[in-house]
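Nothing in this text is a laboratory measurement; each read-out follows from the coordinates by a stated rule. Note that the coordinates shown come from a computational prediction; the quantities given were computed from them, not determined experimentally. Neighbour counts run over all protein chains shown; Cβ positions are idealised from the backbone, glycine included.
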Amino acid sequence: MSVLHIPEEEAVRDFSSVLSKVDDGYEVVIDRPSTSVTVRGSGMPRMRTVAEARAILEERERRGVLGVMDEEFSKDVRNFRERHPESLDPSKWA
């Protein structure tokens, strides 16, 4: 889990952004003058739509970080398809 430090003023100004980072799997440390506060998520990132996942990959690519579909990804897809053999409705993908 990655740790992200944020000044208290920034956290107060845009707390929804802090929660979004927690949803993305970060452990957020809000730095205060006298102490720090750590915000952790449940340990499981929230489920994303395909459109959200694509947007994240595109944003990371703009920053020069390329997504890699490796053998683990292939296993995850295969595992998902075995657990969910029902037909998928493409109209709900976006």
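Here the chain carries DSSP beta bridges of which approximately 45% are antiparallel, counting only pairs with both residues inside. The dipole here belongs to the chain: it is taken about the Cα centre, uses +1 on the Cβ of Lys and Arg and -1 on the Cβ of Asp and Glu, and is about 180 debye. The convex hull drawn around the Cα atoms of the chain, when projected onto a plane and averaged over every direction, covers 8.2 nm².
Do any GluC sites (Glu not before Pro) in segment 58-89 lie in a loop, going by DSSP, with at most 13 other beta-carbon atoms within 10 Å of their beta carbon, and if so which?
86
For the chain, a Gaussian network of Cα nodes joined below 10 Å ranks 32, 83, 54 by mean-square fluctuation, and the top entry is 83.
Relative contact order for the chain using alpha-carbon pairs under 8 Å, separation at least 6, rounded to a whole percent?
Numbers: 76 pairs, mean separation 19.0, N = 94.
Dividing the mean separation by the residue count of the chain yields 20 percent.
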